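*Asks:* Right, I'll just put the structure down here and ask away after.
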Amino acid sequence: MKTFTYEKATTVDEAVRDIDRAGAKFIAGGTNLLDLMKLQVETPDKLVDISRLPLGEIEEREDGGLTIGALVPNADLAADPRVIAKYPVLSRALLAGASGQLRNKATTGGNLLQRTRCYYFYDTAMPCNKREPGAGCSAIGGFNRILAVLGTSENCIATHPGDMPVAMRALDATIVTLKADGDKRRISIHDFYRLPGDRPDLETVLEPGELITHVELPAPPEGRQVYRKVRDRASYAFALVSVAGVVKVADGKIASAALAFGGLGSMPWRDGAVEAALVGQAPSDAAFAAAADALLADAKGYGSNDFKIPLARRVLIATLRELTGE
Amino acid sequence: MRFTINGQSYQADVDIRTSLLDLCREHLGLTGSKKGCDHGQCGACTMLVNGRRVNGCLTLAVMHQDDEIVTIEGLGSPESLHPMQAAFVRHDGYQCGYCTPGQICSAVGMLDEVKKGWPSHVSDDLSDPTFDDGEISERMSGNLCRCSAYPNIVDAIREVAAASGDAKTAPTSREPAEAGA
Amino acid sequence: MFGFGKSDTNALTMDKPHPDSLLDTGAQGVIGKPIDRIDGPLKVSGRATYAAEYDFPDLAYGFLVRATVGAGKVTEVDADSVRGLPGVIDVITDYKTFIRNPGQGGDTNKPPQGVADVAYFGEPIAIVVADSYEAARDAAQQLRVSYEAKEGRYSFAAYREEHDKPPEGVMPPYTGTGDPDAAFEGAAVKIDATYTTPSQNSAAMEPHASTAVWEGDELHLYGAYQMLSTDRIQLAKAMGMKPDKVRIIARYVGGGFGSKLGIAPESVAAAVAAKAIGRPVKCVMARQQVFDATVRRSNTEQRVRLGADADGKLVMLGHNSLVSNLPEESFFEPCGQATQFLYAAPNITITHDIVRLDWLLAASMRAPGEAVGMIALECAMDELAEAVGLDPIELRKRNEPGEHPIDHIPFSSRQLVPCMERGAALFGWSKRKPAAGDRRGEWLYGMGMAASARSNMLQKSSAKVSIDGQGRATVETDMTDIGTGTYTILAQITSEILGLPIDDVTVKLGDTAFPPAAGSGGSFGAGSSGTSVYLACEALRGQIADKMGVAADGLTLKDGRAIGDNRSVPLAELVGDGIAATGEVAPGKQEKETLQSSYGAHFCEVAVNAVTGEVRIKRMLGVFAGGRILNAKTARSQILGGVTFGIGTALSEELMHDPRNGKIVNRDLGEYHVPVNADVPQIDVEFLSERDIHANPMHAKGLGELGISGAGAAVANAIYNATGVRARDFPLTLDKLLDGLPAV
């Protein structure tokens, strides 16, 4: 860990003002940032502690949705009765992630920004375009069991490791931010993440110094909600494949569907083609297979992660059965 | 910097990079909290910050000057063990002892979470979780034990939970939940 | 039995059976009882002190620097690049003295030295010392090192055809009997299957750590070690010192599982650095460094051939293994260890060859040999049972040998069949269905079993036991307790033989200032160090009898009193200022004249998700016979731990070596998947009553590695029974099962 200066912000305005240089970063839960700083994968020269800002509340909005403060810990969000009642897919996703200790510390805002668990990203002795654009990608041609099959580029096949953001994509969340100049932004989660392309170091559309203050969930969607996560241990492991699904069946047909995926993509994945293959159809193996075809049409395996493609297909079909069954 | 740990005040002049864990172990003589991985992947450093279980390795000491911190030393002493510590001895909920302080702090924090009604990954009903061995195992999965005293740890926690008299931690029997419950 | 050697030393070489045991005639009634660990209160309250937890004034922190090439030469360590960082004291390189890799367990030679030539990616080449841990870590990471890289051998697949026969280890590399090839050719039923297991890491929860303190010309090293008496010799030789100038202290060790048998690189680095800067130096390996630069269990490729007649009687047994190690390292994973004697077959071939790779050292990890070798053998037996249409237990019964099939010596004790029968009854084995015959919703249920065997060994060990003027006993030996329960069982042995309440026994371990012991490894710790304590107590018993004026066999010791000749005298009165004796045990002819092993049978029920291939272990049960059980509670815990290692081996543990440079790719506990609590069910353990008079005077055999031996095979066989998929490439992660699962 390189040394840094430390400032504790007491107001949101002060926090964004304190990010006065490129090397400065916010710290809240710190569970991923400190993890990476210890390995000098992240080397901020200044930390602005936002952990005491008044962003720890969950509030109901008039439209029936929720506004979640960026500092609400994962554990509290998962256990919130309103989340459990209206957005169980979010609660389930959170509970499927990490450990009790980590969920007590990790925050809503920070979890959106969790970085990949790619083995090579974590080892500064190995070339990585995400750490250092242009250095090369060690995962291509190396071990990539946990890495992405969707949205990759020739420069990076890292997976977004999160669970919560997958559920939030299925729920059409909006991310509310405050920029250094005092401007507020509302960014749809669908526009929030970037594909790696030739700049895998840039993972979101956030500008330098831009602070996530809240996440808004629209009014709860109709239909059944499921989060299914497949991993290498029964608990405390990152997803190989996960599915967040919200599906409504009416009059024997799929009236609406929102499906997002973890473990598969460079970002929490959602593809309108999957839903298009389902909506208006009667739930059937043929419709589910068509949805899986749509999801995986452009999937590309890199050797040790090839299995994710057939696995994703099976998990999606089984999850759709659960979402639409009696 | 000033800290309140196990009800005692401490003052320490430490490197800004010092983790809460290293503060305890290297500067305050509180070596009960262990370092197993330093990356939140083993749970050996689990301590209670304002009553909540967290990984002491993944947070900076400087961020906790206003917090009430409890480490294993604050739960009990060899002469006067906390009920959870005593249960771990009775059930052999450890072998080498290195993960043990973290397991015990985690168990104490975990039971508070259960009492608050918090669900887990294996809860069938998120709004009314039952409490059984499967729940204990899932909720304790952030604490690795390579000696694998897991079955004994579950026995110890189940016993303490039952003795607490709280309806929410009264053990029930159920087929352990399947994956993806 | 006392009276050998000096009057205060009771030495025994185990040349003859030892039919009597003071543990049977003791009156205190504590031996075997499930008493709580005597070190428990310290451990659960965080007061037990591990290697990195001793404080010294002026302590400096060391952080190792690793090589970032897989093979080559260090051309420059640019110390100036970090010397200016605040708090940094120095960058210390001593290419000649630093050890390339850990010592092998029990070795009394120094580990290979010299780190200018890089032998594997991650090899420690320097140590940065600083006033704070944070400064040392930062500087170590920023330090600029230049290399002249060389081509290396990094891929097992690429070099598997090139291999050599190693020298003899715990077993001969090649052994067998009869004409196996011809026998296999003519067999009515044949199984010819190759199983592969990956490199593994012991992943003890306490990282390797050393605090080096120089007291004049003496080195005191607070370390995390399993075998202090030989570690001391390794360290002394590496430092160019006499062993009596080196003291190692390891009172509590946070697990070892083989990885702490020999000294690891941080020990020499800390000692060199402490000397160089004139301050105590503490060096704790970061978890990633434990993965990079301690030891691994070798990967294996094991071809098992079983030839049987139509009734399932083996006519041929072949177990041919390829393992890997660094050039010139002689250690080989002895996969065929149990294969030598587990089943009766007139024709046997067992071989081990080493593929030389530039990967980190392969050495002992819990149950070297059996842990992975029995996976291959016991899965193959399951395949044979199916091929001949027999229940797996019946197949094993039909091949139960009456003697060692190669060496033709008797078994000292062997209850494999009773273990299988008792386990089958307890587990409900008769309810097992044909393969892929039990689907419940999305889950496929299945049961599997496997035999367990782990060779029993006795090693030289000594201990001193004294009784003070208050009638309290103290045991001193440099034995370690790495979680094995040694503190407690040594107290129980002392308490039983000397008739003292357990609270009146103090056990001091983990310090080379005490008599040298066997150390913790190879499941020989309890038998060896326990016997040394037994012998010391036996001698004390003789001294007490003399003081009482009665014959030793007419003396009863109980509750701190000596009883004999119609008198009952407090021990404190008899012993005056105190008495002391030393016990020394050494292996003898018994280990050549009998085949000594512990046995057991594992039973496992799994549920495999029909969609995803995820495996959940629903139940696991084992019945074991390991001679006398010294403490029913800690013995059970040792088995639980072993079985869980077996679960990890079967399902999730795998070190990945990058084929481009040999580096460990998944070098943390996030991606090296040891089982978590939710992976492990409430395992049932039962011990059969047994005494082994050939093993030692306690009649106890080893348990620490029995639980792992065969456990993974029981899991794998259950997976086959659940799914009908026979995967042989371990671990059986879900991707290995996916193709064979029912269509969704």
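The values are calculated or read from the model by the stated rules, or taken from the named source; none is laboratory data. Values in this document were obtained by computation on a predicted structure and should not be read as measured data. With ideal geometry, Cβ positions are generated from the backbone for all residues, glycine too; neighbour counts draw on all protein chains shown. Accessible surface areas use protein heavy atoms only, side chains included; no ligands, DNA or RNA. Shrake-Rupley method; radii C 1.70, N 1.55, O 1.52, S 1.80 Å.
*Asks:* Using protein heavy atoms only (no ligands, DNA or RNA), what is the total accessible area buried between C and A, 1.4 Å probe, nearest 100 Å²?
*Replies:* 3200 Å²
*Asks:* Does any residue of the range A:217-243 lose at least 40 Å² of accessible area with all protein chains in place compared with its chain alone, and if so which ones (probe 1.4 Å)?
*Replies:* Buried by 40 Å² or more upon assembly, which counts only protein chains, are A:ARG228, A:ARG231, A:ASP232, A:ARG233, A:ALA234, A:SER235, A:TYR236.
*Asks:* Considering chain B as a Gaussian network with a 10 Å cut-off on Cα pairs, which listed residue, B:ALA86, B:ALA61, B:ALA163, attains the greatest mean-square fluctuation?
*Replies:* Evaluated over chain B, the most mobile residue of the options is B:ALA163.
*Asks:* Which value results when the Cα radius of gyration for the range C:285-397 is divided by 2.2 N^0.38 Å?
*Replies:* Relative to the rule-of-thumb radius for its length, the range C:285-397 sits at 1.25.
*Asks:* Also, quick follow-up: Starting from the eigenvalues of the Cα gyration tensor, five times each then square-rooted, give me the equivalent ellipsoid semi-axes of the range B:33-137, largest first, whole Å.
*Replies:* Three semi-axes, in Å: 22, 19, 14.
*Asks:* While we're here: Take the Cα atoms of the range C:1-88, find their three principal axes, and give me the spread along each one in whole Å, biggest first.
*Replies:* Taking the Cα atoms of the range C:1-88, the three principal extents are 69, 38, 30 Å.
*Asks:* For the range A:5-49, give the magnitude of the charge dipole about the Cα centre (Cβ charges: +1 Lys/Arg, -1 Asp/Glu; no others), in debye to the nearest 20.
*Replies:* The calculated dipole for the range A:5-49 is roughly 120 debye.
*Asks:* Round to the nearest 0.05 the FRET efficiency obtained for C:GLN470 and B:ASN50 when R0 = 56 Å and r is the Cβ-Cβ distance.
*Replies:* 0.75
*Asks:* Oh, and also: What accessible area per residue, rounded to a whole number of Å², is obtained for chain C using a probe radius of 1.4 Å?
*Replies:* Roughly 30 Å² per residue, with all protein chains present.
*Asks:* Quick one: if the Förster radius is 60 Å, what FRET efficiency do C:ARG660 and A:ASP251 give, using the C-beta to C-beta distance and rounding to 0.05?
*Replies:* Efficiency, rounded to the nearest 0.05: 0.55.
*Asks:* Additional query: Report, as an integer, the average count of C-beta atoms from other chains found within 10 Å of each Cβ along C:124-135.
*Replies:* Per-residue shielding by partner chains comes out at 3.
*Asks:* Here is a further query. So in the protein assembly as shown, what percent of DSSP beta bridges are antiparallel if you round to the nearest 5?
*Replies:* Percent antiparallel among DSSP bridges in the protein assembly as shown is about 75.
*Asks:* Where does the range A:37-163 land on Rg/Rh, using Cα atoms and the Kirkwood Rh?
*Replies:* Rg divided by Rh gives 1.05.
*Asks:* How many percent of the accessible area of chain C is carbon or sulfur, using a 1.4 Å probe?
*Replies:* 48 percent
*Asks:* Okay, next question. Summarise the accessible area of the range A:5-49 (1.4 Å probe, protein heavy atoms) by the percent that is carbon and sulfur.
*Replies:* The nonpolar share, carbon plus sulfur, comes to 47 percent.
*Asks:* For a quick size check, give me the Cα extents of the range A:103-179 along its three principal axes, largest first, whole Å.
*Replies:* 36, 27, 24
*Asks:* Place a label point 7 angstrom from the Cα of A:GLU132 along the Cα-to-Cβ direction, then list the residues of the range C:57-82 whose backbone nitrogen is under 17 Å away.
*Replies:* C:66-70, C:78, C:81-82
*Asks:* Can you pull the percent of the range A:224-324's accessible area that's carbon plus sulfur, 1.4 Å probe, other chains left in place?
*Replies:* 51 percent
*Asks:* Applying the Karplus parametrisation 6.51 cos²θ - 1.76 cosθ + 1.60 with θ = phi - 60° to the phi angles of the range A:128-136, what ³J(HN,Hα) value in whole Hz is obtained for each residue in order, glycine and proline being reported as x?
*Replies:* Each residue of the range A:128-136 in turn: 8, 5, 6, 6, 9, x, x, 6, x Hz.
*Asks:* Then there is this: What quantity of accessible surface, computed with a 1.4 Å probe and excluding non-protein components, is buried in total between chains B and A, in Å² to the nearest 100?
*Replies:* For B against A, buried area totals roughly 3400 Å².
*Asks:* Could you tell me the accessible area of C:VAL30 in Å² (1.4 Å probe, neighbours in place), rounded to the nearest ten?
*Replies:* We get 20 Å² for C:VAL30.
*Asks:* A follow-up question, please. How big a patch of accessible area, both sides summed and in Å² to the nearest 100, lies buried between B and C at a 1.4 Å probe?
*Replies:* Separately minus together, B and C give about 4800 Å² buried.
*Asks:* Then there's this: Using the Kyte-Doolittle scale, find the helices of chain C whose mean hydropathy is at least 0.0 and whose Cα atoms extend 30 Å or more along the helix's long axis, counting only whole DSSP H runs.
*Replies:* Both cut-offs are met by C:525-548.
*Asks:* At 10 °C and 1.306 mPa s, grab the translational diffusion coefficient of chain C from Stokes-Einstein with a Kirkwood Rh over Cα pairs, rounded to a whole number in µm² per second.
*Replies:* Approximately 59 µm²/s, per Stokes-Einstein.
*Asks:* Still on this structure: In a Gaussian network model over chain A where Cα atoms closer than 10 Å are linked, find which of A:LEU171, A:LEU102, A:LEU316 has the largest mean-square fluctuation.
*Replies:* In this elastic network of chain A, the residue with the biggest mean-square fluctuation among A:LEU171, A:LEU102, A:LEU316 is A:LEU102.
*Asks:* Multiply the residue separation of C:GLU168 and C:ARG440 by 0.36 nm, subtract the distance between their alpha-carbon atoms, and state the gained length in nm to one decimal.
*Replies:* Taking 0.36 nm per residue and subtracting the Cα distance, the gain is 92.9 nm.
*Asks:* Once you have the Kirkwood Rh of chain A from its Cα pairs, apply Stokes-Einstein at 20 °C and 1.002 mPa s and quote D in µm²/s.
*Replies:* Answer from the Stokes-Einstein relation: 106 µm²/s.
*Asks:* Using a 7 Å offset from the Cα along the Cα-to-Cβ direction at both C:ASP20 and C:GLU593, what is the distance between the two label points in nm, to one decimal?
*Replies:* Each label point lies 7 Å from its Cα, and together they span 1.8 nm.
*Asks:* Output the Kirkwood hydrodynamic radius of chain B, Cα pairs only, in Å rounded to one decimal.
*Replies:* 16.7 Å is the Kirkwood radius here.
*Asks:* Distance from a point 7 Å along Cα→Cβ of C:ASP311 to each backbone N in the range C:368-404: keep the residues under 12 Å and list them by number.
*Replies:* Flagged as within label range: C:398-399.
*Asks:* So, one more: Calculate, in whole percent, how much of the Cα-Cα pair population of the range C:106-149 lies beyond 17 Å.
*Replies:* The answer is 49 percent, as a whole percent.
*Asks:* For the range B:1-159, with the dipole built from +1 on Lys and Arg beta-carbon atoms and -1 on Asp and Glu ones, taken about the Cα centre, which of B:VAL54, B:ILE72, B:GLN11 lies farthest toward the positive end?
*Replies:* The residue sitting farthest along the positive end of the dipole is B:GLN11.
*Asks:* Sticking with this one: Report the Rg/Rh value for the range A:224-324, based on alpha-carbon coordinates and the Kirkwood definition of Rh.
*Replies:* On the Cα set of the range A:224-324, Rg over Rh gives 0.97.
*Asks:* Sticking with this one: Just to confirm the number: angle between the C-alpha axis of helix B:150-163 and the first principal axis of chain B, 0 to 90 degrees, nearest 10?
*Replies:* Between helix and principal axis, roughly 80 degrees.
*Asks:* Roughly how many nanometres apart are two label points built 7 Å out from the Cα toward the Cβ at C:ASP559 and C:GLU328?
*Replies:* With each label point 7 Å from Cα toward Cβ, the separation is 6.5 nm.
*Asks:* Rounded to whole Å and sorted largest first, what semi-axes of the equivalent ellipsoid does the C-alpha gyration tensor of the range A:5-49 yield via the square root of 5 times each eigenvalue?
*Replies:* Each semi-axis is the square root of five times an eigenvalue, giving 19, 11, 7 Å.
*Asks:* Along the charge dipole of the range C:563-664, pointing to its positive end and built from +1/-1 on Cβ of Lys, Arg, Asp and Glu, which listed residue (C:GLY662, C:THR649, C:PRO570) has its Cα farthest out?
*Replies:* So the residue we want is C:THR649.
*Asks:* Rounding to the nearest 10 and keeping the result within 0 to 90°, find how far the Cα-based axis of helix B:100-115 lies from the longest principal axis of chain B.
*Replies:* 60 degrees
*Asks:* Still on this structure, please answer the following. Subtracting the Cα-Cα distance from 0.36 nm times the residue separation, let me have the gained length for C:ASP503 to C:ASP179 in nm, one decimal.
*Replies:* 110.7 nm
*Asks:* Just which residues of the range C:708-744 lose 40 Å² or more accessible area with every protein chain there, against their chain alone, with the probe set to 1.4 Å?
*Replies:* Listed by number, the residues meeting the 40 Å² cut-off are C:LEU734, C:ASP735, C:LEU738, C:VAL744.
*Asks:* Something else now. Charges at C-beta only: +1 for Lys and Arg, -1 for Asp and Glu. How large is the resulting dipole of the protein assembly as shown about its Cα centre, in Debye rounded to 20?
*Replies:* For this selection, approximately 420 debye.
*Asks:* Sticking with this structure for a sec: Using a 10 Å cut-off on Cβ atoms, rank the peptides C:512-522, A:297-307 from the highest mean neighbour count down.
*Replies:* Peptide ranking by packing, descending: C:512-522, A:297-307.
*Asks:* Another question, if that's okay. Can you give the calculated 222 nm mean residue ellipticity of chain C, where each DSSP H run of n ≥ 4 adds -39,500 (n - 2.57) and the sum is split over every residue, rounded to the nearest 500 deg cm²/dmol?
*Replies:* Result for chain C, helices only: -7000 deg cm²/dmol.
*Asks:* Now for a different question. If each of A:SER284 and B:ASP66 carries a label point 7 Å out from its Cα toward its Cβ, how far apart are those two points in nm?
*Replies:* 6.2 nm
*Asks:* Among the listed pairs A:LYS2/A:LYS38; C:LYS460/C:LYS592; C:LYS397/C:LYS633; A:LYS46/A:LYS179; A:LYS2/C:LYS663; A:LYS8/A:LYS46, give every one whose C-alpha distance is greater than 20 Å.
*Replies:* Going by Cα-Cα distance, C:LYS397/C:LYS633; A:LYS2/C:LYS663 fall outside the 20 Å limit.
*Asks:* Shifting gears a bit: What number, in nm² with one decimal, is the all-direction average of the projected area of the convex hull of the alpha-carbon atoms of the range C:172-264?
*Replies:* Average projection, Cα convex hull of the range C:172-264: 10.1 nm².
*Asks:* Hey, another quick one. How big is the range C:504-614 on each of its three principal axes, counting only the C-alpha atoms and giving the largest first in Å?
*Replies:* 75, 33, 30
*Asks:* Using a probe radius of 1.4 Å on heavy atoms only, what accessible surface per residue do you get for the range A:224-324? Whole Å² is fine.
*Replies:* Value for the range A:224-324: 31 Å² per residue.
*Asks:* Please state the Cα pair-distance histogram of the protein assembly as shown with 20 angstrom bins from zero: what percent is in each bin?
*Replies:* Histogram of Cα-Cα distances, whole percents per bin: 11, 41, 37, 10, 1.
*Asks:* List for the range A:95-139: residues with 40 Å² or greater reduction in accessible area, all protein chains versus chain alone, probe 1.4 Å?
*Replies:* Buried by the other chains: A:LEU95, A:GLN101, A:ASN104, A:LYS105, A:TYR119, A:ASP123, A:ALA125, A:MET126.
*Asks:* In straight Cα distance, which lysines are under 26 Å from B:LYS168, not counting same-chain residues fewer than 8 positions off?
*Replies:* A:LYS86, A:LYS105, B:LYS115, B:LYS116, C:LYS618
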